[in-house]
Amino acid sequence: MPRFIIAISIALAGVMLQALAQPKGFTPEQVDMITAGRSDQPMRVFKINNQADSILLRTQSLDITADPNDEILRLLIDRMYTTVRDSASLGAGIAAPQVGILKNVIWVQRFDKENFPFEAYINPKIIQYSEMKWPCREGCLSIPDRSDTTKTRAYAILVEYDRPDGSHGIEMIEEFTAVVFQHEIDHLNGILYLDHIKQEAAEAEAVINAGTAHNAPSDSELILEARAQSNAAYRGQDVDAIAKSYGRDIIITGGDGSQLSGGKIIKKLLSGLFEKNPGLYYVRTTSTLKVSEVADRAWEQGSWREVPGTRGGDYSAHWIKEDGQWKLLSQIFVTLH
């Protein structure tokens with residue numbers, strides 16, 4: 001074959017591959033599905049108990065240009081929001097494949113922001129995962145009547161995405177909001193949270209088959225789980241549940257410098273605070289956790305914030321193991337804003 005023909009063939013192949021890599025628009029079938037209703041009308045949620053739905057949910061989605069002038073894209077985003085907030089769904093997030101559209105578009109409820117807003121993201125990509133894990137209870141609009149605890153989700157992720165207005169963003173997400181992002185981005189790759197459960201089960205079986213005892217949760221995992229339970233108890237203003245994380249000689253230094261000691265005194269103070277402020281709670285986010293190698297002690301550092309409100313700052317906590325359970329020996333809070 002003449003060299004110039006080979007060169008032309010290679011060039012054409014390169015152009016074709018580049019074209020395939022570029023974000024595409026919607027297919028006629030997708031346009032029909034999106035435009036079949038108004039922006040305030042929910043779309044049908046695809047579910048795994050339907051064979052055709054299940055096949056689509058297992059298919060990888062494609063990028064799409066974040067064009068603020070694309071009326072079809074805008075309508076899809078609006079109808080996805082209506083769907084996730086519909087009384088029949090009421091989820092913490094949704095991905096376009098769940099309404100039958102194989103495009104990289106998601107909605108996520110931002111539990112890490114004031115008033116927990118829903119935000120839409122286009123072509124989201126996770127570019128970094130923390131080694132620290134965040135065990136979490138998960139459910140899915142596409143998996144009816146079921147929820148499970150996953151243990152493989154990263155505590156923090158670095159996410160890159162486009163916004164509906166065409167701008168680009170990158171940010172670090174932590175805790176439960178990070179889990180929601182991971183869950184929805186999995187959908188874009190044809191992955192369901194049940195796959196993580198199966199992976200955990202397979203790994204556990206491999207350990208057993210190898211004749212090795214199944215590893216119990218590490219001390220770090222137990223402390224993070226205790227912190228997660230404490231955050232959940234604060235969110236529910238459940239004073240008794242909050243006190244379960246306290247050691248016998250708990251000491252807390254508040255953001256204003258005041259110091260309290262003893263579980264009963266702290267419970268009484270919290271009860272009065274919650275009675276005067278329904279809906280108020282505090283979130284502590286771990287950034288560093290070190291477990292002693294020579295004693296049943298651990299040191300935790302992180303940030304705290306008041307919800308609703310703008311107050312927040314840093315904290316440190318001293319954990320101790322009492323009767324086989326990790327408990328808080330002391331906490332120091334510093335108000336920074």
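The values are calculated or read from the model by the stated rules, or taken from the named source; none is laboratory data. Quick caveat: nothing in here was measured; it's all calculated off a predicted structure. Every residue, glycine among them, receives a Cβ derived from its backbone with ideal geometry; neighbour counts consider all protein chains shown.
Below, the figures for the structure above:
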{"read-out": "Condition check for SER147: surrounded by fewer than 14 Cβ atoms within 10 Å (Cβ to Cβ) and in contact with a Gly (Cβ under 6 Å, 6 or more places away or on another chain)", "value": "yes"}
{"read-out": "Which numbered condition ILE94 misses (of (1) more than 20 Å from the chain's Cα centre (by Cα); (2) under 28 Å from MET172 (Cβ atoms))", "value": "(1)"}
{"read-out": "Some residue of the stretch 169-181 being under 23 Å from GLY37 (Cα atoms) and either at pLDDT 95 or above or more than 16 Å from the chain's Cα centre (by Cα) (or both)", "value": "no"}
{"read-out": "Any hit, the stretch 80-93, residues being out of contact with any Lys or Arg (no Cβ under 9 Å at 6 or more places or on another chain) and without any contact (Cβ under 8 Å) to a residue 12 or more places away in the chain", "value": "yes"}
{"read-out": "Residues satisfying the stated conditions in the stretch 322-337, i.e. out of contact with any Gly (no Cβ under 7 Å at 6 or more places or on another chain) and either among the polar types (S, T, N, Q) or more than 21 Å from TRP134 (Cα to Cα) (or both)", "value": "ASP323, GLY324, GLN325, SER330, GLN331, ILE332"}
{"read-out": "Given (1) surrounded by fewer than 19 Cβ atoms within 10 Å (Cβ to Cβ); (2) within 21 Å of LEU222 (Cα to Cα); (3) in contact with a Lys or Arg (Cβ under 9 Å, 6 or more places away or on another chain), index of the condition ALA201 fails", "value": "(3)"}
{"read-out": "Filter result (over 15 Å from LYS133 (Cβ atoms) and not hydroxyl-bearing (Ser, Thr, Tyr)) within the stretch 163-180", "value": "ARG163, PRO164, ASP165, GLY166, HIS168, GLY169, ILE170, GLU171, MET172, VAL180"}
{"read-out": "Residues of the stretch 109-128 that turn out to be touching a Phe, Trp or Tyr at 6+ places or on another chain (Cβ under 9 Å) and not small (Gly, Ala, Ser), as a count", "value": "12"}
{"read-out": "Failed item, numbered, when THR152 is tested on (1) part of a strand (DSSP E or B); (2) closer than 21 Å to ALA232 by Cβ; (3) within 13 Å of the chain's Cα centre (by Cα)", "value": "(1)"}
{"read-out": "Residue in the stretch 211-270 that is farthest from TRP319 (Cα to Cα), counting only those that are touching a residue at least 12 places away in the same chain (Cβ under 8 Å) and among the basic types (Lys, Arg)", "value": "ARG235"}
{"read-out": "Residue within the stretch 62-69 that is touching a Gly at 6+ places or on another chain (Cβ under 6 Å), small (Gly, Ala, Ser) and assigned by TED's automatic domain parsing to the domain that holds CYS140 present", "value": "yes"}
{"read-out": "Some residue of the stretch 105-114 being surrounded by fewer than 21 Cβ atoms within 10 Å (Cβ to Cβ) and on the phi > 0 side of the Ramachandran plot", "value": "no"}
{"read-out": "Filter result for VAL283 (under 30 Å from LYS125 (Cβ atoms) and either among the small types (Gly, Ala, Ser) or modelled with pLDDT of 90 or more (or both))", "value": "no"}
{"read-out": "Considering residues of the stretch 279-326 that are touching a Leu at 6+ places or on another chain (Cβ under 8 Å) and not in a strand (DSSP E or B) only, the residue surrounded by the most Cβ atoms within 10 Å (Cβ to Cβ)", "value": "LEU280"}
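Residue by residue, here is whether (1) farther than 18 Å from TRP107 by Cβ; (2) assigned to a loop (DSSP other than H, G, I, E, B); (3) at pLDDT 95 or above holds:
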| site | (1), (2), (3) |
| --- | --- |
| LYS24 | yes, yes, no |
| VAL31 | yes, no, yes |
| ARG38 | no, yes, yes |
| ASN49 | yes, yes, no |
| THR59 | yes, yes, no |
| LEU73 | no, no, yes |
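Residue-wise test of (1) touching a residue at least 24 places away in the same chain (Cβ under 8 Å); (2) within 22 Å of THR27 (Cα to Cα); (3) small (Gly, Ala, Ser); (4) not in a loop (DSSP other than H, G, I, E, B).
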| position | (1), (2), (3), (4) |
| --- | --- |
| ASP112 | yes, no, no, no |
| ILE122 | yes, yes, no, yes |
| PHE176 | yes, no, no, yes |
| GLY190 | yes, yes, yes, no |
| LYS198 | no, no, no, yes |
